[in-house]
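Worksheet: one structure, shown below.
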Amino acid sequence: MLKRFFSYYRPYRKLFLLDFGCAVLAGLLELTFPVSVNVVIDRIMPMNNFRYILLACLGLFLFYLINTGLQYIVVYFGHKLGVNIETDMRKELFTHLQKQSFTYYDNQKTGKLISRLTTDLFEISEVAHHGPEDIFITIMTMTGAFFLMYQMHAALAIATIILVPFIILALYFFNQKMTQVNTDIYDTIGEFNSGVEAAVSGVRVTQSFANEPFENTRFRALSERYRQAKIRFYQVMAVSSSYNYLFIRLINLFALLFGSYYTIKGELLTGQFVSFILLANVFVRPIEKINTMIESYPKGIAGFKRFIEELDRPLMVTDRVDAKELSTVKGDIVYDHVSFSYGESHQVLQDLSLTIKAGETVAFVGESGSGKTTLCNLLPRFYEATDGAITIDGEDIQSFTLESLRRKIGTVQQDVFLFPGTIRENIAYGKLSATDAEISQAVRLAHLDQVISQMEQGLDTVIGERGVKLSGGQKQRVAIARMFLKNPPILILDEATSALDTETEQVIQESLDTLAHGRTTLIIAHRLATVQHADRIIVVSPNGILEQGSHEELLKQQGAYQKLYDAQFRTLA
């Protein structure tokens with residue numbers, strides 16, 4: 001894990017060396033003051049020449065000025081190093097998350113993922129900056145101070161540091177304990193963030209059911225879990241800090257006690273005694289920093305473990321090593337004995353075979369949960385078939401790169417997702433390099449132009465979180481305009497007109513028919529009235545394909561389609 005951690009320093013070697021070198025030099029300069037005091041008291045003061053004392057103080061002042069500059073470099077450039085590493089880790093993790101399949105996100109909570117991209121990585125940044133230099137400077141300063149103390153009086157130096165092993169043992173114990181506690185805290189933060197995200201996103205549902213008291217109770221429970229986790233952390237930290245405080249003060253006390261004894265015996269000069277006390281303070285200062293290290297390092301270690309755990313989570317849908325670009329698409333699609341299941345127990349498709357000709361419009365109907373949407377989601381490899389193969393123009397879709405495959409397939413999903421921003425930005429998401437003229441054409445084809453003309457800001461109207469300022473039909477038309485702009489050879493329409501009123505639906509249906517002309521189109525529908533024009537209608541059930549044919553052909557068979565048709569239209573009648 002350490003090797004992987006330090007690999008993130010590689011792009012910033014010069015910045016690290018600058019920060020680390022200045023930190024080491026600053027630590028060495030700190031040792032000059034106690035030595036200078038010894039020289040001033042024992043050598044210069046007996047000369048009764050204040051001019052020499054003044055020169056010695058000016059020399060020390062110069063050292064302090066240099067150290068001030070070094071401190072600035074360490075604080076600014078050190079934190080810059082940490083932020084750079086944090087940013088690289090965040091980019092890498094975000095890129096990895098973007099590659100995960102729908103199956104992965106089906107089992108994840110948004111708040112937990114946000115926590116891993118924010119809180120975890122912030123703590124890692126602190127360790128990336130302070131970790132190496134703090135550990136090295138602690139060892140260097142303690143070694144240097146002890147060496148100088150030993151030079152003055154060996155027995156006194158040993159008597160002073162005899163308690164250090166107890167502090168080191170405590171450091172190891174509390175570091176282990178707090179790493180474990182911090183892992184629990186991160187899990188709790190993830191749950192807390194998920195709860196907050198769900199509560200804020202669902203506030204309209206909450207208010208419509210007048211369930212504010214229930215949400216308040218649930219939020220208080222999440223807050224209490226987070227509070228308890230933080231309290232456990234600070235309880236361990238308090239014991240650690242108190243323990244270290246006692247032993248650090250005992251080191252100072254031992255230096256004073258034994259130093260006084262050896263000074264009275266005449267084994268130490270007064271200046272040496274004062275210098276020894278100052279060196280003892282320099283010696284314990286890094287130990288005092290250990291308290292800070294014990295608070296922040298376990299957070300960073302726990303965060304990095306979670307970061308690595310997420311990065312090492314295998315991708316369920318990936319490109320083959322020899323994957324190629326899908327360039328020209330005719331549009332012939334074949335499902336060859338395809339099966340799919342969510343986990344081991346939930347079988348959705350079983351040994352399904354289906355052939356769709358290029359340019360054909362095929363509609364999938366059936367009861368909810370019959371696998372219609374899953375069947376279509378396998379084509380762009382949002383999910384990976386557990387058995388069988390799917391081909392486009394005779395070639396397995398797994399032989400193509402994911403990016404090139406998905407660029408050739410346009411999808412309008414049942415649950416329209418719009419990004420925060422403007423209408424223009426959301427439509428342009430279908431083709432990021434689109435010109436204003438192309439966007440305007442997509443708007444017209446989706447019959448969105450009249451809606452936009454009534455908005456004060458037009459295409460630059462901000463639509464709010466998830467398009468909350470738009471009606472359901474308007475959001476659907478923005479999604480359809482986005483698809484027009486993408487202009488793919490294969491279309492998947494998952495209840496694409498479900499949120500539209502009857503009149504608008506007819507207009508949009510005409511536009512979709514125009515777009516579908518000459519393209520392979522897969523339509524998922526619950527309302528049979530929207531798919532009667534399809535070249536072929538396929539009735540899907542958990543047991544596979546029950547029937548297929550045109551609307552008229554299926555009615556003549558008086559089978560499953562007839563039952564669905566009668567159920568819908570008799571209800572309407």
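The values are calculated or read from the model by the stated rules, or taken from the named source; none is laboratory data. It should be emphasised that the depicted structure is a prediction, and the values quoted were computed from it without experimental measurement. Note that we place each Cβ from the backbone using ideal geometry, even for glycine, and neighbour counts take in every protein chain shown.
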So, in region 446-482, how many residues would count as being of a type in the set (A, V, I, L, M) and buried (at least 21 other Cβ atoms within 10 Å of the Cβ)?
9
Can you tell me which residue is modelled with the lowest pLDDT among those in region 138-190 that are of a type in the set (Phe, Trp, Tyr) and buried (at least 17 other Cβ atoms within 10 Å of the Cβ)?
Tyr186
Which members of region 432-445 meet the condition of being in contact (Cβ under 8 Å) with a residue 12 or more places away in the chain and either farther than 23 Å from Gln506 by Cα or exposed (fewer than 11 other Cβ atoms within 10 Å of the Cβ) (or both)?
Ala434, Glu438
Take the residues of region 25-71 that are among the charged types (D, E, K, R) and in contact (Cβ under 8 Å) with a residue 24 or more places away in the chain: which is surrounded by the fewest Cβ atoms within 10 Å (Cβ to Cβ)?
Arg43
Would you mention how many residues in region 414-431 are without any contact (Cβ under 8 Å) to a residue 40 or more places away in the chain and farther than 30 Å from Lys372 by Cα?
2
Pairs returned, first residue in region 115-144 that is closer than 16 Å to Asn84 by Cβ, second residue that is of a type in the set (Lys, Arg) and modelled with pLDDT of 80 or more, beta-carbon separation under 7 angstrom, 6 or more apart or interchain, are Leu121/Arg90
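In the set Ser345, Ser327, Ser260, Ser339, which member is modelled with pLDDT of 85 or more, assigned by TED's automatic domain parsing to the domain that holds Ile538, surrounded by fewer than 19 Cβ atoms within 10 Å (Cβ to Cβ) and more than 30 Å from Asn182 (Cβ to Cβ)?
Details: Ser345 fails: modelled with pLDDT of 85 or more; Ser327 fails: assigned by TED's automatic domain parsing to the domain that holds Ile538; Ser260 fails: assigned by TED's automatic domain parsing to the domain that holds Ile538.
After applying the criteria, what remains is Ser339.
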Can you name the number of the only condition in (1) assigned to a strand (DSSP E or B); (2) farther than 30 Å from Thr520 by Cβ; (3) of a type in the set (Asp, Glu) that Asp351 fails?
(2)
So, in region 330-349, of the ones that are touching a residue at least 40 places away in the same chain (Cβ under 8 Å) and among the acidic types (Asp, Glu), which residue ends up nearest to Leu378 (Cα to Cα)?
Asp336
Kindly evaluate Ser275 against the criterion of being of a type in the set (Ser, Thr, Tyr) and either touching a Gly at 6+ places or on another chain (Cβ under 6 Å) or part of a helix (DSSP H, G or I) (or both).
yes
Where a residue in region 390-402 is within 18 Å of Leu375 (Cα to Cα) and touching a residue at least 24 places away in the same chain (Cβ under 8 Å) and its partner, wherever it lies, is small (Gly, Ala, Ser) and part of a strand (DSSP E or B), with Cβ under 9 Å and at least six apart:
Gln398/Ala389
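Residues Asp184, Asp106: which one is of a type in the set (Asp, Glu) and either without any contact (Cβ under 8 Å) to a residue 60 or more places away in the chain or under 30 Å from Phe273 (Cβ atoms) (or both)?
Testing whether each residue is of a type in the set (Asp, Glu) and either without any contact (Cβ under 8 Å) to a residue 60 or more places away in the chain or under 30 Å from Phe273 (Cβ atoms) (or both) leaves just Asp184.
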